[in-house]
1. Computing the accessible area with a 1.4 Å probe over protein heavy atoms, can you report the carbon and sulfur percentage for chain B?
2. How much length would be gained if the chain were fully extended between residue A:54 and residue A:89, taking 0.36 nm per residue of separation minus their Cα-Cα distance, in nm to one decimal?
3. Test of the criteria: in region B:1-99, which GluC sites (Glu not before Pro) are in a DSSP loop and have at most 14 other Cβ atoms within 10 angstrom of their Cβ?
4. Going down the table (B:133/B:173; A:53/B:173; A:53/A:173; A:173/B:53), which pairs top 30 Å between alpha carbons?
5. Let's see if you can work this out: charge +1 on each Lys and Arg Cβ, -1 on each Asp and Glu Cβ, no other charges. What is the dipole magnitude of the protein assembly as shown about its Cα centre, in debye to the nearest 20?
6. Using the beta-carbon distance between residue B:11 and residue A:10 and R0 = 56 Å, what value does 1/(1 + (r/R0)^6) give for FRET efficiency, to the nearest 0.05?
7. What 222 nm value per residue comes from the helices of the protein assembly as shown, counting each DSSP H run with n ≥ 4 as -39,500 (n - 2.57) and dividing by all residues, nearest 500 deg cm²/dmol?
8. Report residue B:133's accessible area, 1.4 Å probe, all protein chains in place, as a number in Å² to the nearest 10.
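The values are calculated or read from the model by the stated rules, or taken from the named source; none is laboratory data. Keep in mind that what you see is a predicted model, and the values were worked out from it rather than measured. All Cβ positions, glycine included, derive from the backbone under ideal geometry; neighbour counts span all protein chains shown. Quick note on the areas: whole protein, heavy atoms, side chains included, nothing else; ligands and nucleic acids left out. Shrake-Rupley method; radii C 1.70, N 1.55, O 1.52, S 1.80 Å.
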2 protein chains.
Amino acid sequence: MPAKTDHDARRRDVSAAVWRVVAEGGFGALTLRSVAAELGASTGLVTHYFGSKQQLIRHALELAEDRTRASIPEVTDLRTALAAVLPTTPEVTEISRVWVSSWDVALAEPELHALERARYRRWRTRLRPLVIKAQSVGDLPPGDPGDLATGLAAFAHGLVVQALFDPTTYTPKRQLRILDTHLAALRPSD
Amino acid sequence: MPAKTDHDARRRDVSAAVWRVVAEGGFGALTLRSVAAELGASTGLVTHYFGSKQQLIRHALELAEDRTRASIPEVTDLRTALAAVLPTTPEVTEISRVWVSSWDVALAEPELHALERARYRRWRTRLRPLVIKAQSVGDLPPGDPGDLATGLAAFAHGLVVQALFDPTTYTPKRQLRILDTHLAALRPSD
DNA sequence: ACAGTTGCGTAACGGTTGTTATGTAATTGG
DNA sequence: CCAATTACATAACAACCGTTACGCAACTGT
């Protein structure tokens with residue numbers, strides 16, 4: 001019944017083209033035709049694997065999530081968890097670019113808005129035990145771990161945005177230094 | 001020679017329509033026709049006052065800057081300066097929405113990218129003396145004031161984003177509490 | 001070998017986009 | 001009063017958008 005080609009492999013090709021388009025031009029540049037052109041194929045191929053533009057956008061966000069997860073493998077340490085989201089490598093820079101870019105469309109469309117909110121909640125939930133651990137060894141002051149996780153996530157993402165707009169100023173080394181001195185400043189003395 | 005209508009007043013009308021469009025739908029929704037429709041006028045009127053779409057985008061960013069400046073009047077205190085950018089009022093929420101939304105197009109277009117970088121640099125420069133003052137009275141630990149300003153700006157903007165996506169969780173009160181406990185945690189216990 | 005299914009290029013469709021030209025009414029200075 | 005200028009609606013324009021339909025080639029199970 002099924003035809004020759006490896007469906008999943010082809011889908012991954014389209015998927016990769018979607019990523020390249022969004023990584024370079026943001027979500028404003030994501031169109032069926034730009035993906036097709038990036039792939040050197042026709043729009044028919046794109047619609048064959050992704051029925052509509054909504055699904056393309058959805059898929060781009062899933063890709064961002066997958067790549068984020070892949071770039072942050074099983075972290076048990078707060079500093080590492082925060083350092084992992086900073087654009088200190090081309091890979092993470094690309095991912096960050098896509099996330100920040102997605103906020104325009106995510107703020108406009110209620111469904112994507114809810115998705116992004118859920119994503120943030122998951123991130124803070126993942127950060128929470130690391131915060132508690134850091135508190136227990138005296139690396140962080142006492143206080144609501146949720147608020148602390150929010151603050152640290154905020155610090156990290158805010159730094160991401162500044163680094164994206166000013167990569168010359170915020171070299172990888174400088175980003176990590178700022179993170180480290182920030183964490184050091186948060187450590188209660190004794 | 002000139003005709004009847006008050007040119008500047010009319011221009012402000014168009015300007016207000018531009019703001020309403022961007023505040024509600026983000027930069028993805030900013031088109032000549034959406035502005036005209038918002039104004040109940042024709043596209044001819046819009047192009048009469050703003051020649052091209054580039055200028056419309058540019059103007060929307062200027063508006064955001066103006067409103068930001070207007071909502072942060074002559075701040076001499078670090079906490080107030082940071083609290084002023086948090087979306088704790090409808091007005092600041094609207095402005096924040098526009099800024100975050102603008103990052104998609106700002107990351108894509110080199111000219112807007114440079115503008116946003118400059119804007120961030122100005123903000124940090126304005127924050128710097130407040131940081132130094134806070135350090136001198138023992139509210140902030142010693143260290144590079146530039147790095148501290150970056151970190152505090154990052155914290156604030158990161159909190160802005162989370163609050164925009166989760167206003168139920170981050171009520172104005174909670175935002176300010178998170179800010180205050182964060183600043184308190186940064187105070188060296190000498 | 002043939003019927004059925006899949007892969008995907010081609011292309012048409014109606015709608016929207018930014019830009020530009022045209023027309024017309026109203027105002028003003030001489 | 002008239003020539004010049006401005007304000008703006010109307011609308012044409014080519015380009016582009018997402019979606020859909022069509023058609024053909026290639027493969028598969030029977």
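1. Within chain B, the accessible surface is 55 percent carbon and sulfur.
2. Between residue A:54 and residue A:89, full extension yields 9.6 nm more.
3. Passing sites in region B:1-99 are B:74.
4. In this structure, A:53/B:173; A:53/A:173; A:173/B:53 lie more than 30 Å apart at Cα.
5. My answer is approximately 140 debye.
6. With R0 = 56 Å, the Cβ-Cβ based efficiency is 0.60.
7. For the protein assembly as shown, the value works out to -24500 deg cm²/dmol.
8. 100 Å²
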